[in-house]
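The block underneath contains the structure these notes are about, expressed in structure tokens.
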Amino acid sequence: MRISPEMITIDCPDPQTLAAWWATALGVDGTQDYGEFVVVPATPLVLGFQRVPEPKTVKNRVHIDFASPDRPADVERLTGLGATVLGEHSLHGLSWTVLQDPEGNEFCLADQGAH
């Protein structure tokens, strides 16, 4: 038997607001709100947002990598929505941008097809 990834869950103090931000960022219409837990049904990756009392205080140990056919345009779009750019990187022909969502959770955006 094999396990398969189904969803990545992000702890946050306000799951409705952060899930709405991610739904907009990913171009997903609507969320599934269960009160303390909100789901953004993006495909192929589902994101969950779980209410926790404490704020984020250190760098994520796990983060999500996304790909874009036009990384500079999507970085501009995401920062316009409230993301923050932490850095630009290139290594062995792979280029990516490290960003934070409005609650400080890191994620990366790479050039599509570079993985």
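The values are calculated or read from the model by the stated rules, or taken from the named source; none is laboratory data. Just so it is clear, the model here is predicted, and its values are computed rather than measured. Backbone-built Cβ (ideal geometry, glycine too); neighbour counts: all protein chains shown. Just so you know, the surface numbers come from the protein's heavy atoms only, side chains and all, with ligands and any DNA or RNA stripped out. Shrake-Rupley method; radii C 1.70, N 1.55, O 1.52, S 1.80 Å.
Within the stretch 14-34, one or more residues are surrounded by 10 or more Cβ atoms within 10 Å (Cβ to Cβ), outside any helix (DSSP H, G or I) and touching a residue at least 24 places away in the same chain (Cβ under 8 Å). The combined condition, being hydrophobic (A, V, I, L, M, F, W, C) and out of contact with any helix residue (DSSP H, G or I) (no Cβ under 7 Å at 6 or more places or on another chain), is fulfilled by Leu94. Within the stretch 83-102, which residues are open to solvent by 60 Å² or more (accessible area, probe 1.4 Å), touching a residue at least 60 places away in the same chain (Cβ under 8 Å) and of a type in the set (Asp, Glu)? Of everything in the stretch 83-102, nothing turns out to be open to solvent by 60 Å² or more (accessible area, probe 1.4 Å), touching a residue at least 60 places away in the same chain (Cβ under 8 Å) and of a type in the set (Asp, Glu). Within the stretch 2-23, the set of residues being among the β-branched types (Val, Ile, Thr) and more than 11 Å from the chain's Cα centre (by Cα) comprises Ile3, Thr17.
Condition check ((1) among the hydrophobic types (A, V, I, L, M, F, W, C); (2) at pLDDT 95 or above) across all residues:
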position: Asp70; (1), (2): no, yes
position: Ala73; (1), (2): yes, yes
position: Leu78; (1), (2): yes, yes
position: Leu81; (1), (2): yes, yes
position: Val98; (1), (2): yes, yes
position: Asp101; (1), (2): no, yes
position: Cys108; (1), (2): yes, yes
position: Gln112; (1), (2): no, no
position: His115; (1), (2): no, no
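Restricting attention to the stretch 35-81, the residues that are among the hydrophobic types (A, V, I, L, M, F, W, C) and in a strand (DSSP E or B) add up to 10. Scan the stretch 35-77 residue by residue and report those that are open to solvent by less than 30 Å² (accessible area, probe 1.4 Å) and over 15 Å from Leu18 (Cβ atoms). Those that are open to solvent by less than 30 Å² (accessible area, probe 1.4 Å) and over 15 Å from Leu18 (Cβ atoms): Ser68, Val75.
When the stretch 66-87 is limited to residues that are more than 19 Å from Pro102 (Cβ to Cβ) and charged (D, E, K, R), the one that is nearest to the chain's Cα centre (by Cα) turns out to be Arg71.
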